[in-house]
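No lab work stands behind these numbers, since they all come straight from the coordinates. Fair warning: this is a prediction, and the values are worked out from it, not measured in the lab. When we count neighbours, we look across all protein chains shown, and the Cβ atoms used for this are built from the backbone with ideal geometry, even at glycine.
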Amino acid sequence: MGAQGVGKTALISQFMTSECINAYDRQRDVPKEQSVSIMLNGEESELKFINITNTKAELDKMDPPDAFVVLYSVIDKASFQRAEGELTRLQDWGLLRTRPAILVGNKVDLVRSRSISSQDGKCLACTYRAKFIEISVGISHNVDELLVGILNQIRLKQFHAVLSERESTAHWYKSRGVVRASMKARQMFTWLFGKEDSKFKNCENLHVL
């Protein structure tokens, strides 16, 4: 999920191959759904990736996905705002209580054009209890780590599904503003003292919930 031009199609294509693709060329004739098999911890799983462009309409027509990957471009503030909107909608629909979400900042190779900091990305991810990773499809940076992380998060979330179901919907609605303020305070602490908060570190670990 994410705004147009952030690299969703290119990312899915990169998942399908071990070779580095030219991600900045427009991807043509790419199927909307693609699958890849992954062997992790001795167990093989097949992941199907669906590029969702119209969130509500498309989700209404399918079974809820096992995970949500919300993509933005670190050089595009509007795409970051779109990513926040997508996370808000998923939370309001109750889809994040039992399913993992991973916020992904793409195009980190375009360093001179960056307009969204890593700290801003972590802050947004922590607000929605999502995971966070920065990648570059263009140079295949952290792409394999993201792929393995997606599967890890699905398995972990399913294992802890019973515990997650005990959380009330009301808690999610009432706490978002408070959580966002708390994350902003933690972010300020990091800026002032140069020591990263443990919650920020945890949101980048795709091997734990």
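Please identify every one of the GluC sites (Glu not before Pro) in the stretch 54-94 that sits in a loop by DSSP and has no more than 16 other beta carbons within 10 Å of its own beta carbon.
Working: sites: GLU58, GLU84, GLU86; in loops: none.
Sparse-neighbourhood loop GluC sites (Glu not before Pro): none present.
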Coil-residue trypsin sites (Lys or Arg not before Pro) of the stretch 25-101, DSSP, other Cβ within 10 Å capped at 15: ARG26, ARG28, LYS32, LYS61
Kirkwood hydrodynamic radius of the stretch 51-136, Cα pairs, Å: 13.2
29 Å Cα-Cα threshold exceeded, pairs from LYS61/LYS122; LYS32/LYS201; LYS8/LYS157; LYS61/LYS107; LYS61/LYS201: LYS61/LYS122; LYS32/LYS201; LYS61/LYS107; LYS61/LYS201
Order by protection proxy (mean Cβ within 10 Å, highest first), peptides 102-110, 33-41, 114-122: 102-110, 114-122, 33-41
